[in-house]
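Below you'll find the structure, written out as structure tokens, and then a few comments.
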Amino acid sequence: MGFLWFKSRDYGQQETQLRSRGIGGMFPVNGGSVWTDDENYVGRTKAVYFQCPVSRRCLEIRAEKLASITLKIEGSKRGKKVLSVPNFRDRTMSNLLRNAEMDLGIGGDNWLWLNKEIAERPVMEALRPDFMYQEPAKGTISYDPSKRLNGTSNPELIFYTDPDEPASIIMVERRIGDTNRYEQIDADLLHMSIYNPLSSIEGSGAGDAIMADIAAYRAATKLMYARFTNGGRKSGWITIPEVDGYNELTDDDKAKLRDTLRMLREDDELKGLVAGSEFIENQMDFKELDVVSVVKALERRIAMAFAVQPVMLGFEGETTGMNMRTADRTFYTGWLKPRADFVLGHLQSFLRDSLNDPKLTIEIDETKLPYLQDDKLDMVDKMAGRGAITFNEYREAMGFAPAPWGDKPIPVAGAGEALTQSGDKEPQEQPDNQNPREVGHNADTSGRADQRG
């Protein structure tokens, strides 16, 4: 289940210090840590998901792609029920995978708990990462929203780890209503964590690597917004001409002069300057700042950190049919399949142990991935052309059900031709004793005799 409580030494004090110290002191978000931990999860989520449209779209693309894969599930009825409808809110396994990827992408951690009170219909739900508190010294993991929200610890769930089996939960307690009493329930806990070299108990998501880029992106877009709302005017200073005999002015004269200068500074409708005054800019214009190019570069950097191809975001000059096809294939092989294997591998191992279902398997059905079909069919056609596969193997690659006659090898003439001729009928084979046809030495075998002069 991913819990590694026994370590060669206690890292607790060192990790507490790391959480309050940023690297280089740059770009702290609701805390000093560079990675997303339970202290700055809210601030990091706001920055990545709510304040930057590029990073949000990248997260959504990753989550949607993971949720869109078709799964092949084998196992007991109980295991299939959990994976088909995990809980009332998510309703489908696709939604559960979508939410899991959101947590992993933002902070690097995803927590799922399995309620087995109804033995034949377990329910699996997600727990918010920053509400989880790990205490290795006590051997407990608590789900405690009130501690994060109002500072008063009152856990809703307490998971007790096995000191002899650190990867398992031996007991789960749930708070009874609004009381301080707890009841023991049959449940289990899964923690999926992306490796974080700075912490042994907390993960690090892709969002952790782009906080500086998001801060720069927000600054650039705010500058553009402020300039447009200001009518394109620049800020700066207004110099005033020398005032002869300033020291001899009365207090009333100085007050009038201050009022005049205040009017020059604050009057939005002022179209000119007092004679002898000069306006000194303290801002560069968009061309000098090269804001548009900076924003475009930041968009690509953010997309790169999330492993999302620029063409998938519709960036200028990227969107073509060929580019999209290549991007889908690259995204699947470079990120989606490894991440799906990571998540599904955790789920499979967890449910096998928790439901006592050793035959449970969860795999990607690659025959349902349209951007891999052409590649796979090209390979299958080549194998069929060499007589290396049967009709049923070819049908399986196409996503069709096996045929009763399909265990026979495909003739070397080719799978496509053979299937076209046979349809759903049993393929006709040439008798082994048929004499080969004789061809004259000067026969035209090109099939294009009518094109010759």
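The values are calculated or read from the model by the stated rules, or taken from the named source; none is laboratory data. As the structure is a prediction and not an experimental result, all values here were calculated from the model. Glycine gets a Cβ as well: all are built from the backbone with ideal geometry, and neighbour counts include every protein chain shown. Protein only, heavy atoms only, side chains kept; ligands, DNA and RNA dropped before computing areas. Shrake-Rupley method; radii C 1.70, N 1.55, O 1.52, S 1.80 Å.
Scanning region 149-176 for residues that are open to solvent by less than 60 Å² (accessible area, probe 1.4 Å) and touching a helix residue (DSSP H, G or I) at 6+ places or on another chain (Cβ under 6 Å) gives a single hit, N154. Only one of the listed residues (M124, M93) is under 22 Å from the mean Cα position of the chain (by Cα) and in contact (Cβ under 8 Å) with a residue 40 or more places away in the chain. That residue is M124. Within region 205-219, being buried (at least 18 other Cβ atoms within 10 Å of the Cβ) and either under 11 Å from R44 (Cα atoms) or modelled with pLDDT under 90 (or both) holds for G205, A206, G207, D208, I210, M211, I214. S200 fulfils the conditions (1) over 30 Å from A305 (Cα atoms); (2) in a loop (DSSP other than H, G, I, E, B) except for a single criterion, (1). Of note, F331 satisfies the criterion of being crowded, with 19+ Cβ neighbours inside 10 Å and either of a type in the set (V, I, T) or in a helix (DSSP H, G or I) (or both). The set of residues in region 179-200 being over 18 Å from H346 (Cα atoms), of a type outside the set (F, W, Y) and modelled with pLDDT of 90 or more consists of T179, N180, R181, E183, Q184, I185, D186. Close Cβ contacts (under 8 Å, 6 or more residues apart or on different chains) running from residues in region 214-228 that are part of a helix (DSSP H, G or I) to residues that are surrounded by fewer than 17 Cβ atoms within 10 Å (Cβ to Cβ) and of a type in the set (S, T, N, Q) comprise I214/Q51; R218/Q51.
Among the residues of region 241-249, are any at pLDDT 80 or above, among the aliphatic types (A, V, I, L, M) and open to solvent by 20 Å² or more (accessible area, probe 1.4 Å)? There is at least one residue in region 241-249 that is at pLDDT 80 or above, among the aliphatic types (A, V, I, L, M) and open to solvent by 20 Å² or more (accessible area, probe 1.4 Å).
Checked against (1) modelled with pLDDT of 90 or more; (2) touching a helix residue (DSSP H, G or I) at 6+ places or on another chain (Cβ under 9 Å), K72 meets all criteria but (2).
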